[in-house]
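Before any comments, here is the structure.
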Amino acid sequence: MWLTLAAEAGTKAPTEESGSPWLIFPKLFERLDSLAQPDTVTLMRDLPPVFAAIAIAVGLACLLRGHRWYRIIVVIMAAAMGAVIGYRLGAEIESAEVIVAGCLGVLLAVVAWPLMKYAVALCGGLAGAMIGANVWASLCGFVNTEQNMIMSPDSYWAGALIGLVVLGMLSFIVFDLTIMMFTAFSGSLLIVLGVIALLLQVSNFQETVTTSLQSSPMIVPMLVIVPAVVGLIIQQAVSKGAESEEA
């Protein structure tokens with residue numbers, strides 16, 4: 001089943017307007033288990049190189065220094081979510097996408113600053129939901145066969161719900177750890193997607209990268225989780241070092 005989906009995704013031709021980040025990122029995160037879906041690679045193939053480079057740069061900042069700059073990161077994430085949602089809502093009004101996106105993005109960014117603790121809980125919960133959904137979808141691809149469906153891929157929401165509750169609750173118990181976890185995951189996600197997009201711009205790498213990434217639903221989630229764990233360890237080490245110097 002996975003190979004069939006991957007083959008269908010690989011045959012989709014990019015359109016002229018598909019290269020817009022306003023369209024790519026909303027489509028990318030329409031499903032919480034998007035990293036385990038073959039369409040992910042197809043979408044990243046259409047991302048312009050300049051946006052891929054920006055994603056890598058921002059991702060490195062989040063991955064390595066997320067705990068230091070978490071307020072700025074949360075505000076930017078709130079603005080980005082507001083802009084994407086606003087763009088979708090504005091599409092219902094003729095020629096109003098940019099206006100609605102800008103207004104809603106600014107509104108959520110302003111609201112996130114005084115409600116930082118709750119904004120962190122929301123960001124942590126969303127990161128946990130995405131982690132849980134992709135882990136669930138990856139396990140489905142690993143244990144299921146065409147003859148025997150042990151786990152339903154459509155039940156990824158169960159993993160998402162577990163991740164949402166766990167990280168959402170952790171934000172009120174271990175605030176600093178939650179910050180490090182969701183910034184490390186967000187940074188790793190941006191880096192991996194940016195690198196994939198850049199590699200797919202090189203014609204010599206397109207077929208190899210696409211085939212490799214679509215060979216299993218576990219590949220992209222694993223590429224994201226491993227750097228995220230490394231980033232979490234680095235952030236904890238830097239944080240403890242800073243506390244020791246202050247003491």
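Applied to segment 70-82, the Karplus parametrisation 6.51 cos²θ - 1.76 cosθ + 1.60 on θ = phi - 60° returns per-residue 3J(HN,Hα) values of 5, 4, 5, 4, 5, 5, 5, 5, 5, 5, 5, 4, x Hz, with x for Gly and Pro. Each helix, a run of at least 4 DSSP H residues, gives -39500 (n - 2.57); summed and divided by the residues of the chain, these come to -25500 deg cm²/dmol at 222 nm. For segment 164-175, putting each phi into the Karplus relation 6.51 cos²θ - 1.76 cosθ + 1.60 with θ = phi - 60° gives couplings of 4, 5, 4, 6, x, 6, 4, 5, 8, 9, 10, 4 Hz, in residue order, rounded to whole numbers and with x for Gly and Pro. The modelled label-to-label distance between ARG88 and PHE29, using points 7 Å beyond Cα along the C-beta direction, is 1.0 nm. Stretching PHE205 away from ILE54 to a fully extended chain increases their span by 52.3 nm, per 0.36 nm per residue minus the current alpha-carbon distance. Packing here is the average count of other Cβ atoms within 10 Å per residue, and on that basis the peptides 209-217, 183-191, 159-167, 232-240, highest first, run 183-191, 159-167, 209-217, 232-240. Here the Karplus curve 6.51 cos²θ - 1.76 cosθ + 1.60, taken at θ = phi - 60°, turns the phi angles of segment 184-199 into couplings of 5, 5, 4, x, 4, 4, 5, 5, 4, 5, x, 5, 4, 4, 5, 4 Hz, with x standing for Gly and Pro. Annotation: average projected area of segment 78-118 is 2.5 square nanometres, based on the convex hull of Cα atoms across all directions. For a paramagnetic label modelled on PHE142 (point 7 Å from Cα along Cα→Cβ), amide N atoms under 19 Å away belong, within segment 200-228, to 213-228. Mind giving me the FRET efficiency for VAL110 and ALA158? R0 is 22 Å, r the Cβ-Cβ distance, nearest 0.05 is fine. Efficiency at R0 = 22 Å is approximately 0.05. Compared with the direct C-alpha span, the chain from ARG71 to SER212 gains 47.1 nm at full extension, assuming 0.36 nm per residue. Of all segments of the chain bounded by GluC sites (Glu not before Pro) found in a DSSP loop with no more than 16 other C-beta atoms within 10 Å, the longest spans 147-247. Orientation-averaged projection of segment 44-180 equals 10.9 nm² [convex hull of Cα atoms, one quarter of hull surface area].
Coordinate-derived values only; no laboratory data. Given the structure is predicted, the values throughout are model-derived calculations rather than measurements. For neighbour counting, all protein chains shown are included, and Cβ atoms are generated from backbone atoms with ideal geometry for every residue, glycine included.
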